[in-house]
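Comments concern the structure below.
The values are calculated or read from the model by the stated rules, or taken from the named source; none is laboratory data. The structure displayed is predicted, hence computed values, not measured ones. Neighbour counts run over all protein chains shown; Cβ positions are idealised from the backbone, glycine included. Just so you know, the surface numbers come from the protein's heavy atoms only, side chains and all, with ligands and any DNA or RNA stripped out. Shrake-Rupley method; radii C 1.70, N 1.55, O 1.52, S 1.80 Å.
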Amino acid sequence: MYLSREEERILDGEKGWAYQVAMRILVKLGDLFGADRLIPIESAHISGVSYKTIGDASIDFLEALGKSGVKVMVKSTANPAGIDYSHPEEMIGIFEVKEKQNRIIEIYRNMGIDMILTCTPYYVSKPKEDAHLAWAESSTVVYANSVLHSWTNREGGPSALAAALIGKTPNYGVHKPENRLANVLVKVEPCLRSEADYGALGAHVGRLLEDEIPCFSGLTCAGETELKHLGSAMASTGMASIFYPEASCPRVSGELEVVSVDMNDLKNAFESLSTTNEPPDMVYIGCPHCSAEEIKHVALKIEGRRVRRDVRLWICTSRYVRRKAERYVKIIEAAGGKVLSDTCAVVTWLKEIGVDVLMTNSAKTAYYAPTMNKVETVFSSLDRCIEEACQ
Ligand code: F3S
């Protein structure tokens, strides 16, 4: 990969070992994937913030980086942490890890990263169309490429951090126009009604296509929320970075391979995402983190009702969206639900706070929670989730 003189000097350690490590990560990645050069990025989004997901070894590495005084070169945001500091009553049993979680947050903050602690940073500030980014967190990446029309590979936590510190990323993958073209036409036959239907479709297509780029026909009613659920599920069961609804799919030369999705495929996807029929002790909405619109939607469904005493209802979002939707947050919390920020059900410790069965409208959470959180899952629509919580 070609490096400018300045980039070579960083690689040689002239700016100190921390920037040198960051440059080495980028150069290794670039060489591995055949990048021709580094390109400037508009922003970075860093995953690997929850102490639960990164553990002690990563804290040591981050602490060493932080001590060297490194700063990010571009606007950078961070994914959810393991704790919601504003709802300690929901965190009983895990608050002893607070100190380690605090250390991680402090290190990133001192690097100049905006600790908004959300996987939907685009609700706080949208990147420009056609801007090159280095975002980690697969659901965020798919949304950026497919809905916001920005350009980012699926970065890991370390490569997103390295790109943030250098302000550049290697030019490969979906940073190149020729790698953003659809190669499969997915004909969706059933009429999709809920965000969970879109999640089930994403889980099915992700498994089927792995890293191929689908163009979907038949998504006539899909808004941004539905596309968010579709993309996050697809990126969980497969390696998707980008997809297209047919209306916005760029023309490709030649015929696309065609794959059809029928009712049976959706039913199987739903079934594969539930591991039990047992009643839940937590109902979870907010993966990926909710928009203000979604919070309003939940509030209108729950208004005047009461959450059962034996069920926790968690709605997760960012602090920014929580403030923006304050009026609806009050309605949800008056009914006995909790609108949490800074964390999510997957990156916190569910077993330790007494959850064994988790019901969710998120295909991504339903896919990950049995392994990441060791809980049973029930996957269903938002309507059913609210019914179950308030029954
Ligand atoms: Fe976000 Fe947590 Fe889901 S980070 S995408 S809410 S697993």
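Would you mind stating whether R312 is farther than 15 Å from T276 by Cα and touching a residue at least 12 places away in the same chain (Cβ under 8 Å)?
yes
Considering each of Y2, Y51 in turn, give the residue that is loosely packed, with under 15 Cβ neighbours inside 10 Å and in contact with a Lys or Arg (Cβ under 6 Å, 6 or more places away or on another chain).
Selected residue: Y2, the only one of Y2, Y51 that is loosely packed, with under 15 Cβ neighbours inside 10 Å and in contact with a Lys or Arg (Cβ under 6 Å, 6 or more places away or on another chain).
Can V298 be described as under 21 Å from the mean Cα position of the chain (by Cα) and either within 14 Å of the ligand (Cβ to nearest atom) or within 22 Å of G202 (Cα to Cα) (or both)?
The answer is no for V298.
Here are the criteria: (1) assigned to a helix (DSSP H, G or I); (2) within 21 Å of the chain's Cα centre (by Cα). Tell me which single one R327 does not satisfy.
The number of the failed condition is (2).
Working only within segment 347-371, note down all residues that are touching a residue at least 60 places away in the same chain (Cβ under 8 Å) and within 11 Å of the ligand (Cβ to nearest atom).
V347, T348, T360, S362, A363, K364, T365, A366, Y367, Y368 - these are the residues of segment 347-371 that are touching a residue at least 60 places away in the same chain (Cβ under 8 Å) and within 11 Å of the ligand (Cβ to nearest atom).
When you look at L300, is it in contact with a helix residue (DSSP H, G or I) (Cβ under 9 Å, 6 or more places away or on another chain), in a helix (DSSP H, G or I), assigned by TED's automatic domain parsing to the domain that holds M372 and aliphatic (A, V, I, L, M), yes or no?
Answer is yes for this residue.
Does C344 satisfy being within 15 Å of the ligand (Cβ to nearest atom) and in contact with a strand residue (DSSP E or B) (Cβ under 9 Å, 6 or more places away or on another chain)?
It is true that C344 is within 15 Å of the ligand (Cβ to nearest atom) and in contact with a strand residue (DSSP E or B) (Cβ under 9 Å, 6 or more places away or on another chain).
Residue under question is V307, and the condition is that it be part of a loop (DSSP other than H, G, I, E, B), at pLDDT 95 or above and within 25 Å of E89 (Cα to Cα); does it hold?
Yes; evaluated as a whole, the condition is true for this residue.
Scan segment 173-187 residue by residue and report those that are surrounded by fewer than 20 Cβ atoms within 10 Å (Cβ to Cβ) and either in a loop (DSSP other than H, G, I, E, B) or touching an Asp or Glu at 6+ places or on another chain (Cβ under 9 Å) (or both).
Those that are surrounded by fewer than 20 Cβ atoms within 10 Å (Cβ to Cβ) and either in a loop (DSSP other than H, G, I, E, B) or touching an Asp or Glu at 6+ places or on another chain (Cβ under 9 Å) (or both): K176, R180, L181, N183, V184, L185.
Assuming G93 fulfils every condition listed in (1) open to solvent by 60 Å² or more (accessible area, probe 1.4 Å); (2) farther than 30 Å from G202 by Cβ apart from one, which condition is it?
(1) is the only condition that G93 fails.
Would you be able to tell me the number of residues in segment 54-90 that are out of contact with any Asp or Glu (no Cβ under 7 Å at 6 or more places or on another chain), open to solvent by less than 60 Å² (accessible area, probe 1.4 Å), among the small types (G, A, S) and part of a loop (DSSP other than H, G, I, E, B)?
So the answer is 3.
Please enumerate the residues belonging to segment 104-147 that are open to solvent by less than 20 Å² (accessible area, probe 1.4 Å), within 14 Å of the ligand (Cβ to nearest atom) and outside any helix (DSSP H, G or I).
Of everything in segment 104-147, those that are open to solvent by less than 20 Å² (accessible area, probe 1.4 Å), within 14 Å of the ligand (Cβ to nearest atom) and outside any helix (DSSP H, G or I) turn out to be L117, T118, C119, T120, W135, A136.
Criterion first (farther than 27 Å from P80 by Cα, of a type in the set (S, T, N, Q) and at pLDDT below 95) does S260 satisfy it?
no
Buried (at least 17 other Cβ atoms within 10 Å of the Cβ) and within 16 Å of the ligand (Cβ to nearest atom), is that true of T377?
yes
Only residues that are of a type in the set (K, R) and touching a helix residue (DSSP H, G or I) at 6+ places or on another chain (Cβ under 8 Å): list them for segment 172-196, please.
R180, the sole residue that qualifies.
For (1) basic (K, R); (2) surrounded by fewer than 24 Cβ atoms within 10 Å (Cβ to Cβ); (3) touching a Pro at 6+ places or on another chain (Cβ under 9 Å); (4) modelled with pLDDT under 95, each residue gets a yes or a no:
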| residue | (1), (2), (3), (4) |
| --- | --- |
| A196 | no, no, no, no |
| G206 | no, no, no, no |
| T225 | no, yes, no, no |
| S232 | no, no, yes, no |
| A235 | no, no, no, no |
| E246 | no, yes, no, yes |
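For segment 20-32, does any single residue satisfy the condition of being among the small types (G, A, S) and farther than 19 Å from A64 by Cβ?
Looking for residues that are among the small types (G, A, S) and farther than 19 Å from A64 by Cβ, one finds at least one in segment 20-32, hence yes.
Give the residues of segment 323-355 that are open to solvent by 20 Å² or more (accessible area, probe 1.4 Å), in contact with a Lys or Arg (Cβ under 9 Å, 6 or more places away or on another chain) and closer than 23 Å to F379 by Cα, sorted by residue number.
Of everything in segment 323-355, those that are open to solvent by 20 Å² or more (accessible area, probe 1.4 Å), in contact with a Lys or Arg (Cβ under 9 Å, 6 or more places away or on another chain) and closer than 23 Å to F379 by Cα turn out to be G336, K338, V347, W349, K351, G354.
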